[in-house]
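What follows is calculated from the coordinates using simple rules that are stated; it is not laboratory data. Keep in mind that this is a model prediction, so the values were computed, not measured. We place every Cβ from the backbone using ideal geometry, glycine too, and count neighbours over all the protein chains shown.
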Amino acid sequence: MILKELVDRYDWDLVKKRIISIYPDQKGNVDGYKNAFEELVKLEPKLPEDKIKIDVYKVKDEDGDYVSVHGLKRGEKVGMAIEFVSWKEWLGMRISRKSLGDFSEIDILCHCLWEMTYDGYSNKEVKKSAKELFGRVDKAIKEINARKV
């Protein structure tokens, strides 16, 4: 199952209720999630080049329990951050079997929506945030390298 199938399977009203239930502190951001969801409905999925799967999992640590979402390449045990991946690729990603066994479909969709919108409520905003971040990283690397000389 790919993420786009979940987007197409559930309507916004159900997603809204569940995302507020899972993330009550996000109630004030519902309009942003709605805009993001409506954008996802219109997008066509694109198979990620490296066939990354979406992995949703529970984390328990000293700060409390929470759910995390990352990308997982076949044969790898350590996941990767995917919040800056294009939304078309998100939609084309398969959801890991373990995630489908551990969570309901609607919960997987809501956790993915939360992760996808961490840096903006549109694909354009997320791309802009990624560009700014990577620009700062490149600048810092250049500064570090200049000091070595």
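The table for this structure:
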quantity	calculated
Nearest-ten-degree value, helix 105-116 long axis tilted from longest Cα axis of the chain	30
Full-extension gain in nm, LYS131 to SER104, via 0.36 nm per residue minus C-alpha separation	6.4 nm
Added length on full extension, which subtracts the Cα-Cα distance from 0.36 nm per residue, SER68 to LEU14	17.3 nm
For the chain, with +1 on Lys and Arg beta carbons and -1 on Asp and Glu, the positive-most of GLY79, TYR57, ILE106 along the dipole	GLY79
Stokes-Einstein D for the chain, Kirkwood Rh over Cα pairs, 10 °C, 1.306 mPa s (µm²/s)	97
Cα long-axis angle, helix 123-148 against the chain (0 to 90 degrees, to the nearest 10)	20
Using alpha-carbon coordinates, inclination of helix 12-22 to the longest axis of the chain, degrees	70
Net dipole in debye of the chain [+1 Lys, Arg Cβ; -1 Asp, Glu Cβ; about Cα centre; nearest 20]	580
Whole-number percent relative contact order across the chain, with pairs defined as alpha carbons under 8 Å at least 6 apart	29
Efficiency of FRET from Cβ geometry, TYR23 and ARG147, R₀ 30 Å, rounded to 0.05	0.10
